[in-house]
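For reference, the structure discussed in these notes is given below.
The values are calculated or read from the model by the stated rules, or taken from the named source; none is laboratory data. The structure displayed is predicted, hence computed values, not measured ones. All Cβ positions, glycine included, derive from the backbone under ideal geometry; neighbour counts span all protein chains shown.
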Amino acid sequence: MLNRLARTLRGGGICLTVKVGLTDPQACEVAALCGVDAVWLDREHCVGGWGGLYSQVLAANRRSADTIVRVPRGSYSDLVIPYEMGAGAIMVPRVTTAAEAEDLVQRTKFHPVGQRPLDGGNTDGDFAQLPFHDYMTRAHESTLLVLQLESPEAVANADTIAAVPGVDAIFFGPGDFAQAAGIPGDLGHRLVGEAQQRVAEAAQRAEITAGTVCHGATSVAELGHQGYRLINVGADVVALAEVFRRQVDTARATLTTDTPPIPNSTSN
């Protein structure tokens, strides 16, 4: 079981991720082979069941990349099952207050931090072959809780959310923030830039990780300068669309009006 993500971030390093929305585990292997630190798997918006998610986690781990699973806002099982599959982190969307953060810590961290339900019979506990206390220690050391701040209210509460013991990272969501701020799609707007800075500063004050996505109105260099250390740099569907469109457009551009027509094979 990997702890690359936790080890790097807690050591002050920077981790780069790509978002994989397609459900085939081979997409995770390709991403991992390209050198990402972790693959971001989305269960807030994307399709797929637990079995498919498990295959994706194993595929990324097989190629030495960790995984971050963005979970749906549901029962405690939605929160802890990705950990039990071997995910390095879960990302919880739409966190707005410190009270929400405290509740999530209670449900995702073992004693003495929280009251996460115990099992040990899955991948994270080596299928009950890992001694109990080693299982608890591994969970504390190797898994992360990432909370997404995606509204003006959440950003205003960034300091109190980041200060909750057990929160490992706060993650600024510029797209949903812009929508909630009444400027949907305008990621270059001053309000988005100010919120991005505020989240980074809150994480620094709390001595935890700040995360976000790189988009057209910013850069990895700028985010790194602001203090972001968990940065998503791409998405599978976007990359596929760009490559396929370029290949098709290039191919069509080589065709001319005097290209010989394909013979009609229909016989009279």
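For the reader, a short list of remarks on this structure follows.
- Restricting VAL36, VAL18, VAL105 to those that are in a helix (DSSP H, G or I) and either of a type in the set (Val, Ile, Thr) or within 26 Å of PHE177 (Cβ to Cβ) (or both) reduces the list to VAL105.
- Subset of the range 49-71 [free of Cβ contacts under 8 Å to residues at least 12 places away in the same chain and either over 26 Å from GLY173 (Cα atoms) or assigned to a helix (DSSP H, G or I) (or both)]: GLY51
- Filter result for VAL199 (part of a helix (DSSP H, G or I), closer than 22 Å to ALA32 by Cα and within 19 Å of the chain's Cα centre (by Cα)): no
- Among (1) more than 18 Å from LEU230 (Cα to Cα); (2) outside any helix (DSSP H, G or I), the one test that LEU147 misses: (1)
- Of the residues screened, ALA99 is one that is assigned to a helix (DSSP H, G or I) and more than 20 Å from LEU22 (Cβ to Cβ).
- Residue in the range 200-220 that is surrounded by the fewest Cβ atoms within 10 Å (Cβ to Cβ), counting only those that are among the aliphatic types (A, V, I, L, M) and within 21 Å of GLY11 (Cβ to Cβ): VAL220
- Condition broken by ASP186, with the remaining ones in (1) part of a loop (DSSP other than H, G, I, E, B); (2) in contact (Cβ under 8 Å) with a residue 12 or more places away in the chain; (3) of a type in the set (Asp, Glu) satisfied: (2)
- Flag for ASP66 being modelled with pLDDT of 95 or more and closer than 26 Å to LEU118 by Cα: yes
- Subset of the range 1-27 [closer than 20 Å to VAL233 by Cβ, buried (at least 16 other Cβ atoms within 10 Å of the Cβ) and either in contact with a Phe, Trp or Tyr (Cβ under 9 Å, 6 or more places away or on another chain) or not aliphatic (A, V, I, L, M) (or both)]: ARG4, THR8, CYS15, THR17, VAL18, LYS19, VAL20, GLY21
- Checked across the range 162-170, the condition of being surrounded by 14 or more Cβ atoms within 10 Å (Cβ to Cβ) and part of a helix (DSSP H, G or I) holds for at least one residue.
- Selection within the range 34-49 - in contact with a Ser or Thr (Cβ under 9 Å, 6 or more places away or on another chain) and at pLDDT 95 or above: VAL36, ASP37, ALA38, VAL39, TRP40, LEU41
- Here ALA60 meets each of (1) closer than 18 Å to ASP124 by Cα; (2) over 15 Å from the mean Cα position of the chain (by Cα) with one exception, condition (2).
- Among the residues listed as TYR54, TYR83, the single one being more than 27 Å from HIS215 (Cα to Cα), crowded, with 22+ Cβ neighbours inside 10 Å and at pLDDT 95 or above: TYR83
- Members of the range 131-161 found to be within 18 Å of ILE68 (Cα to Cα) and either crowded, with 24+ Cβ neighbours inside 10 Å or under 13 Å from the mean Cα position of the chain (by Cα) (or both), listed by number: THR143, LEU144, LEU145, VAL146, LEU147, GLN148, LEU149
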